[in-house]
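Trainee: I have a structure here, written as structure tokens, and I will follow up with some questions on it.
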């Protein structure tokens, strides 16, 4: 008899129900209200069952929002400008689309007061900006940017205005504005004389 790695459909349905309920609770009431108890009530799945699949709330929250917040962005790792425009365009669109915009806003605000949510924010930022860092690092290796380029600082310089427009102003970024932003910072880092944002 050959063993298989197939997941029991009943388990998959239960997990899907819990993950969907988690998104509903976070989108409607924020991360602070997304307790295991609240998610159990919303999903109709017992708390004990939820804990069998997710040992802690952070793990459940991260899995629930990971796919929702993931960027489906194609990059070539061969053209710095076009890759950065693709990444920032997708980021801008996600921040002004519901429930993603509300969920990200809640994540940023509530992480200041909740260590578990702060860890979720850290992982979200790592996930969200890892691709941009890879694009910049690749450009440095190709000679498109100076070897002295701080990839992390450049990601911050590019991403901060997108977050401000998306979360503070609630406005999507115009394609021409995104292109101008990318061109300005590429020129700045190639010139390597203008002070950059340090966070």
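Each reported figure results from applying straightforward, stated rules to the coordinates on display, with no laboratory input. This one's a predicted model, so the numbers in the text were calculated from it and none came from an experiment. Glycine gets a Cβ as well: all are built from the backbone with ideal geometry, and neighbour counts include every protein chain shown.
Trainee: For the range 9-66, state the average projected area of the convex hull of the C-alpha atoms over all orientations, rounded to one decimal in nm².
Mentor: 3.4
Trainee: Give, in nm to one decimal, the length gained when the segment between residue 102 and residue 147 is fully stretched (0.36 nm per residue of separation minus the Cα-Cα distance).
Mentor: Answer, rounded to one decimal: 12.4 nm.
Trainee: Shifting gears a bit: Evaluate 2.2 N^0.38 Å with N set to the residue count of the range 39-105, then give the Cα radius of gyration divided by it.
Mentor: The range 39-105 yields a ratio of 1.54.
Trainee: Take the Cα gyration tensor of the chain, multiply each eigenvalue by 5, square-root it, and list the three semi-axes largest first, rounded to whole angstrom.
Mentor: 37, 20, 14
Trainee: When only Cα pairs under 8 Å and 6 or more residues apart are kept, what is the percent relative contact order across the chain?
Mentor: About 20 percent, as a whole number.
Trainee: Determine, for 79, 187, the number of other Cβ atoms within 10 Å of each Cβ, and report the residues in order from fewest to most.
Mentor: Result, fewest neighbours first: 187, 79.
Trainee: In Å, what Rg and Dmax follow from the Cα atoms of the range 117-199?
Mentor: Reported Rg and Dmax, both Å: 13.5, 38.
Trainee: Another question about this same structure. What's the center-to-center distance, using Cα atoms, between the range 18-44 and the range 59-121 in Å?
Mentor: 19
Trainee: Cα axis of helix 57-69 to longest principal axis of the chain: angle in degrees, 0 to 90, nearest 10?
Mentor: Between helix and principal axis, roughly 50 degrees.
Trainee: Hey, another quick one. On a 0 to 90° scale, report how tilted helix 9-29 is relative to the longest principal axis of the chain, with both axes built from alpha carbons and the result rounded to the nearest 10.
Mentor: Rounded to the nearest ten degrees, it is 60.
Trainee: By how many degrees, between 0 and 90 and to the nearest 10, does the Cα long axis of helix 115-142 differ from the longest principal axis of the chain?
Mentor: Once rounded, the angle reads 40 degrees.
Trainee: Any idea what the relative contact order of the range 111-190 is, in percent, if you count C-alpha pairs under 8 Å spaced at least 6 apart?
Mentor: Dividing the mean separation by the residue count of the range 111-190 yields 24 percent.
Trainee: Still on this structure: Considering Cα pairs under 8 angstrom that are at least six residues apart, work out the relative contact order of the range 9-66 and quote it in whole percent.
Mentor: Once normalised by length, the contact order is 38 percent.
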